[in-house]
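The structure appears below as C-alpha cells.
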Amino acid sequence: MPLKSINLEKMKLTVSNPKVLIVIGVSVAGILILTAETRRRRLKNTVKEDFGAFIERFELLPFAQLPPPAAKQLLSGLTFAISDVFDVKEYVSGFGSPDWKRTHEEAGKTAIVVTTLLKNGASCVGKTVMDELSMGITGTNSHYGTPTNPAMPSYIPGGPSSGSAVAVAAELVDFAIGMMRLVWWPELELEMEMQYVNGLNQNQAGTDTIGGVRIPASFCGILGFRPSHGVVSTMGVLPNSQSLDTVGIFARDPSVLHRVGHVLLQLNPVEPRRTRRIIVADDLFQLSKVPQQKTVYIVSKVTEKLSGYQPPKHMNIGQYILSNVPSLKHFHEQTSNLQDGTNTLKALSSAMLLLQRYEFKTNHEEWINTVKPRLGSGVSDHIRAAIKAQHENIKTYYKVRTEMRAALRSLLKEHRSYVTFSSLPFVLYGLVTEITSVYMMSIDTHFGVQDDGILVVPTVADTPLKLNSKKAMLSEFHERAFALLSITTMSGCCQVTIPFGKHEDCPVGVSFIASHGYDKFLLDTVLDMYQSLQGQVSAVTSLPPSLDLNGNMDASELLKEKGNAAYKGRQWNKAVSYYTEAIKLDESNATFYCNRAAAYLELGCFQQAEEDCSRAISLDKKNVKAYLRRGTARESVLYYKEALQDFKHALVLEPQNRVAKVAEKRLQKLVS
C-alpha cells in the first residue's frame with residue numbers, strides 16, 4: 001500500500017512567514033511598509049486551507065480494480081478521511097492526545113473498516129482532529145486546535161469527530177468515518193452518583209450527554225449516519241466504551257452515504273420494499289429549538305407525494321420509555337409528576353453515563369494512572385471522574401440497554417407480520433426464540449415483513465455554541481442535549497441526521513431512527529426522501545414571515561402567492577424566481593407555468609413565455625389564460641397564424657372573453 005506522509009509540524013512552517021510588500025519611493029528615500037496588507041495576509045494564513053481538520057495527511061491508495069467482467073468498485077474515485085482512533089499500518093493512532101501517541105507503538109495492521117473501504121475503490125487522505133480521548137461534544141482540542149466549522153466559522157463544529165465532519169462539509173473529501181462516543185460533563189458529579197443510589201429528583205439532572213457523529217454532522221450541515229450497534233467491525237479501532245461505540249459515517253451526498261453504508265454493512269442490494277410508518281416524537285421537539293411545525297409539515301408533504309408512506313403519527317417517546325423500560329426505576333425517583341417523560345429521559349442518560357464510565361475505566365485506568373497524560377482543561381475533569389468512579393449493581397446498566405432495544409423494536413416493528421412458530425417443530429421453536437435481534441431481522445425479512453417504522457426526532461436540542469463559550473452555557477447545552485441523544489445510544493438503533501436548513505441562521509438537523517438491524521431500510525428511506533425533503537426545506541426557509549405555514553396550504557402554493565405579490569409589485573424577475581421554486585416542488589401544476597409566463601411576457605422573454613404556456617396547456621387543456629398568454633407571446637414574435645389559433649381556442653372555452661375577441665379581430669386582419 002503506497003504511503004505518502006506529510007508532517008503537520010513542517011506544514012506549519014510554510015504558513016508562518018507572511019510576505020511583506022515593500023514600496024520604494026522614486027523621489028523619496030525611504031521604505032513604506034504596507035502594514036495593513038501584512039495584517040490581512042497574516043489573518044488569511046491563520047485560516048488553514050484544510051480548515052484545521054487534519055492531524056496528519058497521507059494517502060492510502062485503493063486496492064487494484066479487478067479486470068472485466070468484474071463489476072466496478074462501488075466507491076471508485078471517492079476520497080475519505082478517518083478520525084484519529086482508526087489504526088493504519090505503520091502509523092500510531094493518537095486518540096487525539098500527543099501523550100497517547102508518544103506512549104504507543106505503530107499499528108501492525110490497518111483497521112478492518114478502513115481496509116474494507118480501500119478494497120472497494122476509495123482513497124484515504126489522512127487522519128482528522130477529534131476531542132481528546134473522545135471526551136467531548138464541542139469538537140475542540142487544546143493540543144491540535146479546533147477545526148473551523150465551514151457553515152459557521154465562529155461557532156463550534158461539534159464533536160468528538162469534529163475534523164471528519166469539517167473535512168466533509170468543506171468538500172475536502174467525499175465522506176469520512178468517525179466514532180460515536182459517549183461523553184459527560186462534571187459539574188454535578190456527586191449528585192449524579194446520588195441519583196443512582198436514591199433516585200433522580202425531578203429538579204436535578206446529571207449534566208452529561210453523548211457526542212460522536214450526529215452532533216458535528218448537524219452543526220456542520222451534512223449527513224451523519226450512526227449504524228446499529230455491533231453491525232460494523234470495530235477491529236483496529238481504539239475503544240472507549242464497547243457497549244456504546246459505533247463507527248459512523250459523514251457525507252454530503254445521500255447517494256454516497258448509501259453506497260458507503262452498503263459497503264461497510266455488507267448489505268444485500270435487493271430487499272422487499274416496505275411501507276414506511278413515520279412517527280414524530282412530539283415531546284422531543286418541545287425540548288428542542290428545531291421548529292416542530294415546519295418539520296412535521298415538511299415530512300408530511302414529502303410522504304404525501306411519495307409512494308409507500310403512511311401519514312405521520314405522533315407520540316410522547318418519554319412516556320413510552322417510562323412504560324417499557326422498568327429498570328429505569330433505579331435511576332429516578334418515582335413521582336406523580338412525570339407526565340412529559342422528561343425525567344425518564346434524564347434517568348436514561350444517567351444510566352448511559354454510568355455504563356460508559358465503567359467501561360472507560362476498565363479500558364484505560366492503567367494507562368492514565370501510569371502515564372499521567374497532559375489533559376486539556378475541557379476533558380481533564382471528565383477523565384478523572386471516570387477513573388475515580390465506584391460502581392455497584394453493574395448488571396442494571398446493561399439491563400436498561402437490553403430493555404431499551406426491546407422497547408424501540410416493539411415501537412418501530414409494531415405492525416409486522418410474525419411467522420407462526422407454533423406450526424414449527426418444538427425443537428426449532430426453541431432455537432428461534434434464542435436467536436439474537438440481528439438474526440431475527442433476517443428471519444422477519446425472509447417471511448415477508450412489509451411494514452416498518454421511522455422515528456423522527458430533532459438531532460440536537462440547541463444550535464451550535466459560539467467558540468469559547470462560558471462554562472455555564474456549556475453545562476446547559478449538555479443538559480438539553482443528552483435527553484435527545486441517549487435514546488439511540490442506549491437502544492443500539494440506527495440513526496441518520498439530515499440537514500433541515502437553518503434556524504436563527506444556524507444549521508439544524510432532524511434525525512430518522514430505525515430499529516436495530518434495519519440499517520438498509522433506513523438508508524433506503526433517506527435516499528428515497530432526501531431530494532424531496534431538501535426541496536421542501538428550501539421552499540419553507542425562503543418564505544417570508546407573513547406567509548408562514550398555516551393550515552394545509554402547500555409550500556409550493558405559498559411560493560406562488562409570493563410570486564403573485566412580486567408580480568403585482570412589478571418585480572418581474574423576483575416573480576419568475578418564486579414561480580420557478582414552486583415548479584420545482586410541483587411540476588404538475590399548470591397555474592405555476594402560466595403565471596411564470598405572464599412574468600416572462602413583462603420581461604420581453606417571449607420564447608420562454610410560449611414554452612411555459614405550452615407546458616400549462618399540456619397539463620390543463622382548459623386553461624384559458626395559458627392560451628391567451630401563448631397567443632400574446634406568438635404575436636409578439638410575428639407568428640400571427642399560430643397566435644390566432646390560440647385566441648380562437650380561448651374563445652371556444654370562454655365565448656365572451658373580451659381580450660380574445662379583440663385579439664382575434666386584429667389578427668384576422670394581419671393574416672388576411
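The values are calculated or read from the model by the stated rules, or taken from the named source; none is laboratory data. Note that the structure is predicted; figures quoted are calculated from it, not measured. Here the Cβ is made from the backbone with ideal geometry for all residues, glycine too, and neighbour counts use every protein chain on show. Side chains are part of the model used for accessible areas, which takes the heavy atoms of the whole protein and leaves out ligands, DNA and RNA. Shrake-Rupley method; radii C 1.70, N 1.55, O 1.52, S 1.80 Å.
Would you confirm whether or not region 343-357 contains a residue that is farther than 30 Å from Ala461 by Cα and open to solvent by 20 Å² or more (accessible area, probe 1.4 Å)? No, region 343-357 contains no residue that is farther than 30 Å from Ala461 by Cα and open to solvent by 20 Å² or more (accessible area, probe 1.4 Å).
Taken over region 271-283, the criterion of being at pLDDT 85 or above and farther than 9 Å from Asn316 by Cβ is satisfied by Thr275, Arg276, Arg277, Ile278, Ile279, Val280. If I filter region 645-654 for residues that are in a helix (DSSP H, G or I), more than 55 Å from the chain's Cα centre (by Cα) and not β-branched (Val, Ile, Thr), do I get at least one hit? Scanning region 645-654, I find no residue that is in a helix (DSSP H, G or I), more than 55 Å from the chain's Cα centre (by Cα) and not β-branched (Val, Ile, Thr), so the answer is no. The set of residues in region 256-274 being surrounded by 19 or more Cβ atoms within 10 Å (Cβ to Cβ) and on the phi > 0 side of the Ramachandran plot is empty.
If the condition is being of a type outside the set (Lys, Arg), out of contact with any helix residue (DSSP H, G or I) (no Cβ under 8 Å at 6 or more places or on another chain), assigned to a strand (DSSP E or B) and over 19 Å from Arg259 (Cβ atoms), then region 52-97 contributes Phe58, Glu59. Do we have Ala539 as open to solvent by less than 40 Å² (accessible area, probe 1.4 Å), modelled with pLDDT under 90 and assigned to a helix (DSSP H, G or I) here? The answer is yes for Ala539. Looking only at region 223-255, residues that are open to solvent by 10 Å² or more (accessible area, probe 1.4 Å) and not in a strand (DSSP E or B) come to 17 in all. Of all residues in region 294-307, those satisfying the criterion of being open to solvent by 30 Å² or more (accessible area, probe 1.4 Å) and touching a residue at least 12 places away in the same chain (Cβ under 8 Å) are Lys294, Lys305, Leu306. Considering only residues in region 564-577 that are assigned to a helix (DSSP H, G or I) and open to solvent by 30 Å² or more (accessible area, probe 1.4 Å), the one that is nearest to Gly535 (Cα to Cα) turns out to be Ser577. Taken residue by residue, region 641-648 has no member that is aliphatic (A, V, I, L, M), within 30 Å of Leu533 (Cβ to Cβ) and surrounded by 18 or more Cβ atoms within 10 Å (Cβ to Cβ).
With respect to (1) within 44 Å of the chain's Cα centre (by Cα); (2) buried (at least 23 other Cβ atoms within 10 Å of the Cβ); (3) of a type in the set (Ser, Thr, Tyr), the lone exception for Thr580 is condition (2).
If only residues of region 371-388 that are over 30 Å from the mean Cα position of the chain (by Cα) and in a loop (DSSP other than H, G, I, E, B) are counted, the one that is surrounded by the fewest Cβ atoms within 10 Å (Cβ to Cβ) is Lys372. Within region 473-491, residues that are farther than 14 Å from Leu244 by Cα reach partners that are of a type in the set (A, V, I, L, M) and open to solvent by 10 Å² or more (accessible area, probe 1.4 Å) with beta carbons closer than 8 Å, at six or more positions or on different chains, in the pairs Met473/Leu465; Leu474/Leu465; Phe477/Leu465; Arg480/Leu287; Ala483/Leu287; Leu484/Leu287. With respect to the conditions (1) part of a helix (DSSP H, G or I); (2) farther than 28 Å from Gln536 by Cα, Ala616 falls short on a single one, namely (2).
Asp452 meets the stated requirement of being in contact (Cβ under 8 Å) with a residue 60 or more places away in the chain and surrounded by fewer than 22 Cβ atoms within 10 Å (Cβ to Cβ).
Inside region 323-342, residues that are modelled with pLDDT of 75 or more and either within 29 Å of the chain's Cα centre (by Cα) or among the charged types (D, E, K, R) (or both) make up a count of 4. Identify all residues within region 615-640 that are surrounded by fewer than 16 Cβ atoms within 10 Å (Cβ to Cβ) and of a type in the set (D, E, K, R); write none if there are none. Result: Lys621, Lys622. Considering only region 87-137, state which residues are β-branched (Val, Ile, Thr), open to solvent by less than 50 Å² (accessible area, probe 1.4 Å) and under 22 Å from Glu359 (Cα atoms). The one that is β-branched (Val, Ile, Thr), open to solvent by less than 50 Å² (accessible area, probe 1.4 Å) and under 22 Å from Glu359 (Cα atoms): Ile137.
Quick one: would you say Gln608 is within 39 Å of the chain's Cα centre (by Cα), surrounded by fewer than 20 Cβ atoms within 10 Å (Cβ to Cβ) and over 23 Å from Ser538 (Cα atoms)? In short, yes.
If the condition is being more than 15 Å from Gly96 (Cα to Cα) and assigned to a loop (DSSP other than H, G, I, E, B), then region 126-165 contributes Thr148, Asn149, Pro150, Ala151, Met152, Pro153, Ser154, Ile156, Pro157.
Taking the conditions exactly as written (touching a Leu at 6+ places or on another chain (Cβ under 6 Å) and either within 23 Å of Ser532 (Cβ to Cβ) or free of Cβ contacts under 8 Å to residues at least 12 places away in the same chain (or both)), does Ala660 satisfy them or not? No, not satisfied. Given the structure, is Ser614 at pLDDT below 95 and of a type in the set (Ser, Thr, Tyr)? Here the answer is no, as Ser614 does not meet what is asked. Figure legend. Inter-residue proximity from region 549-565: first residues more than 25 Å from Pro311 (Cβ to Cβ) and modelled with pLDDT of 65 or more, second residues of a type in the set (Gly, Ala, Ser) and assigned to a helix (DSSP H, G or I), beta-carbon distance below 8 Å, spacing 6+ or different chains. Indicated pairs: Gly563/Ala575; Gly563/Ser577; Gly563/Ala582; Gly563/Ala599; Asn564/Ala575.
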